[in-house]
């Protein structure tokens, strides 16, 4: 944790200093972040186009659509995992590049792999908690509106 004391966002900020610090960070690394994000989104788009999601638009029967989606669960999961991996790589680069000069976007690709599984677990837990809280909120709203 000591290495992060030199991170630009480590100190106490007000809204102006946060915005100027983030602006300075992104302008100094704009080309790397833009090219990496562009290549990752292009790869995600090509991966998405390799599966026939267009066929879902012509289906009008809900049961038939659910059956078609059930058969596409693995392609959807693969696309989601690749997207989360790309996000993990970018997060690793953004967090570690200001404190370590040896971190490049290429080293971030393999160094971020150790954070992929914990990141995935956190996302799954947050999804479950968010679903639980939304269901609780809907239940409370139904009590308020339908108790009258």
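Each value in this text was obtained by applying a stated rule to the coordinates, not by laboratory testing. Here the structure is a predicted model, which means the values were calculated and not measured. A quick note on method: Cβ atoms are made from the backbone with ideal geometry, for glycine too, and the neighbour counts reach across all protein chains shown.
Here the residues 54, 111, ranked from fewest to most Cβ neighbours within 10 Å of their Cβ, fall in the order 54, 111. Listing 103, 144, 18 from fewest to most neighbouring C-beta atoms within 10 Å gives 144, 18, 103. Inter-label distance, residue 84 to residue 41: 2.2 nm, where each label sits 7 Å from its Cα along the C-beta direction. The candidate values are (1) 19.3; (2) 15.7; (3) 16.7; the one derived from this structure for Kirkwood radius over Cα pairs in Å carries the label (1).
Model label sites at residue 132 and residue 102, defined 7 Å from Cα along the beta-carbon direction, differ in position by 4.1 nm. In this rough spin-label picture, where each label sits 7 Å from Cα along the Cβ direction, the residue 110-residue 65 distance is 4.5 nm. With R₀ fixed at 35 Å, the C-beta to C-beta distance from residue 117 to residue 142 puts the FRET efficiency at about 0.40.
Sort 25, 132 by Cβ crowding within 10 Å, fewest neighbours at the top.
On the way: 25 17, 132 10.
Least crowded to most crowded, the residues run 132, 25.
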